[in-house]
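Participant: First the structure, which I've put down as structure tokens, then a few questions once you've had a look.
Readers should treat all values here as calculations from the given coordinates under stated rules, not as data from a laboratory. Please read these numbers as outputs of a predicted model, since none were measured by experiment. Quick reminder, even Gly has a Cβ in these numbers, built from the backbone with ideal geometry, and neighbours come from all protein chains shown.
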């Protein structure tokens with residue numbers, strides 16, 4: 001996680017309740033005022049909790065009831081009474097729908113419980129409360145402006161924290177179905193979230209594990225739209241289009257982007273120079289290879305030839321990639337030799353077809369037939 005993101009999360013966790021939401025008169029000459037005063041000044045947390053519980057039960061319609069519930073939530077969370085914190089969030093929001101602090105405290109209860117359904121629900125409800133706060137106009141009185149500014153700032157940050165909550169739960173989950181659920185929820189609710197590319201690796205893997213390759217490719221492409229230098233997602237996105245055969249132009253475009261990223265990107269922190277160089281070679285080779293596969297699908301033989309030739313030195317030793325590369329290089333050069341009457345290209349077609357025949361697998365026999373046809377002058 002980036003340092004800035006850690007700071008945001010830490011700030012949200014430690015941010016106090018901004019005074020009284022909504023505003024109310026704190027009159028200590030009334031029974032309810034005296035009870036609030038006693039609750040606020042009590043240092044024993046068990047007694048403090050009992051006093052606030054008495055207040056909200058006795059005066060449920062009082063202007064300070066929503067604030068009382070948020071005070072109770074802090075005590076409930078500290079005492080690991082997660083369900084009570086969530087129940088208090090329900091009660092506080094019923095009185096004050098823009099109380100993003102109360103909603104966030106409810107979300108924390110869900111997180112602590114490890115309840116994914118609860119977390120999804122309260123993540124959405126917290127965002128809803130925060131947006132209601134953001135819709136409240138700036139007060140005309142200067143004395144209230146500072147308070148309003150703090151509330152607005154908190155509401156903005158808590159929305160980011162809700163995105164983080166879905167992301168963090170996705171990182172912790174081990175069930176592919178849960179990871180997919182959380183990843184898709186994050187995408188749907190926060191389509192521009194900084195956390196989408198960070199969760200993308202696990203999300204895409206979960207989709208692939210459950211046989212949803214096309215969806216995995218689209219998810220990877222979404223991650224790339226936010227982080228254009230994510231080489232792993234560029235690879236998955238390009239391969240997704242290649243496998244579906246729906247848009248070969250996309251394969252070429254994403255492959256070109258992958259090649260460019262690998263040429264310019266430096267080794268990430270924690271990755272050795274040797275390991276990064278190996279990855280650069282592998283992914284650059286795959287980028288050229290995927291372009292070759294896309295071009296041959298469209299019978300663009302000159303581009304097929306140049307792409308696979310660029311890939312060959314980078315995919316050396318990988319027969320799964322070499323066999324189709326040799327096969328389609330043979331086809332491309334043979335076709336080009338006919339259209340250009342270039343004898344050298346015919347020789348190249350024979351050479352690549354011959355190399356292909358030496359690799360056991362599904363391309364071996366087709367290459368042998370092509371080679372025989374070339375030698376026969378066909």
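Participant: Given R₀ = 51 Å, FRET efficiency for residue 58-residue 212 by Cβ-Cβ distance, to 0.05?
Facilitator: On the way: r = 54 Å, r/R0 = 1.06.
Working from the Cβ atoms, E equals 0.40.
Participant: On to the next question. Starting from the 7 Å offset along Cα-to-Cβ, what nm value, one decimal, do you get for the label separation of residue 244 and residue 148?
Facilitator: So the label points at residue 244 and residue 148 sit 4.7 nm apart.
Participant: What do you get for the angle between helix 364-375 and the principal long axis of the chain? Use alpha-carbon atoms, 0 to 90 degrees, nearest ten.
Facilitator: 40 degrees
Participant: Per residue, what volume in Å³ does the Cα convex hull of region 123-244 take up?
Facilitator: Per residue, the Cα convex hull of region 123-244 comes to 104 Å³.
Participant: What's the FRET efficiency of residue 34 with residue 131 using the Cβ-Cβ distance as r and R₀ = 25 Å, to the nearest 0.05?
Facilitator: Details: r = 37 Å, r/R0 = 1.46.
The pair residue 34/residue 131 has a calculated efficiency of 0.10.
Participant: When the chain is treated as a GNM, springs tying every alpha-carbon pair under 10 Å, which of 335, 85, 100 comes out with the largest mean-square fluctuation?
Facilitator: 335
Participant: Now for a separate question. How big is the equivalent ellipsoid of region 317-378 along its three axes, where each semi-axis is √(5λ) from the Cα gyration tensor, reported in whole Å from largest to smallest?
Facilitator: Working: eigenvalues 81, 26, 12 Å².
Each semi-axis is the square root of five times an eigenvalue, giving 20, 11, 8 Å.
Participant: Give me the one-decimal Kirkwood hydrodynamic radius in Å for region 173-227, with the sum taken over alpha-carbon pairs.
Facilitator: 10.8 Å
Participant: Sticking with this one: Taking the radius of gyration and the Kirkwood hydrodynamic radius from Cα positions alone, what is the Rg/Rh ratio for region 230-378, to two decimal places?
Facilitator: Values: Rg = 16.3 Å, Rh = 15.9 Å.
Looking at region 230-378, the ratio lands at 1.03.
Participant: If you average 1/r over every pair of different alpha-carbon atoms in region 3-172 and take one over that average, what Kirkwood value in Å do you get? Walk me through the intermediate numbers first.
Facilitator: Working: mean 1/r = 0.0609 Å⁻¹.
It works out to 16.4 Å.
Participant: Now for a different question. Kindly state, to the nearest 0.05, the FRET efficiency for residue 271 paired with residue 338, given R0 = 56 Å and r defined as their beta-carbon distance.
Facilitator: Numbers: r = 47 Å, r/R0 = 0.84.
Calculated transfer efficiency: 0.75.
Participant: Hey, another quick one. Give the Debye-formula value of log10 I(q)/I(0) at each listed q (0.27, 0.30 Å⁻¹), with one equal scatterer per alpha carbon of region 258-309, two decimals each.
Facilitator: Normalising to I(0) and taking log10 leaves -0.93, -1.04.
Participant: Hey, what angle do you get for helix 65-78 against the long axis of the chain, alpha-carbon based, 0 to 90 degrees rounded to 10?
Facilitator: 60 degrees
Participant: Now for a different question. Please list the radius of gyration and Dmax for region 63-126, considering alpha-carbon atoms only, with Å as the unit.
Facilitator: Computed over the Cα atoms of region 63-126, radius of gyration and Dmax are 10.4, 33 Å.
Participant: How long are the semi-axes of the equivalent ellipsoid of region 228-316, defined as square roots of 5 times the Cα gyration tensor eigenvalues? Whole Å, largest first.
Facilitator: Details: eigenvalues 112, 42, 16 Å².
Taking √(5λ) for each Cα gyration eigenvalue gives 24, 14, 9 Å.
Participant: Taking the chain on its own, what percent of its Cα-Cα pair distances exceed 37 Å? Mind showing how you got there, number by number?
Facilitator: Details: 31644 of 71253 pairs.
Roughly 44 percent, rounded to a whole number.
Participant: Give me the angle, in degrees from 0 to 90, between the Cα long axis of helix 343-357 and the longest principal axis of the Cα atoms of the chain, rounded to the nearest 10.
Facilitator: 60 degrees
Participant: Measure out, as a whole number of angstrom, how far apart the alpha-carbon centroids of region 333-378 and region 20-82 sit.
Facilitator: 84 Å
Participant: State, to one decimal in nm, how far the label point of residue 369 lies from the label point of residue 205, with both points 7 Å from Cα in the Cβ direction.
Facilitator: Rounded to a tenth, the inter-label distance reads 4.1 nm.
Participant: To continue, here is another question. Which of the peptides 349-358, 188-197 is most tightly packed, and how do the rest follow, judged by the mean count of other Cβ atoms within 10 Å per residue? Could you put the intermediate results ahead of the total?
Facilitator: Numbers: 349-358: 20.8, 188-197: 16.6.
Descending packing order for the listed peptides: 349-358, 188-197.
Participant: Highest GNM mean-square fluctuation, the chain, Cα pairs closer than 10 Å: which of 259, 179, 359?
Facilitator: Comparing 259, 179, 359 in the GNM, the peak value goes to 359.
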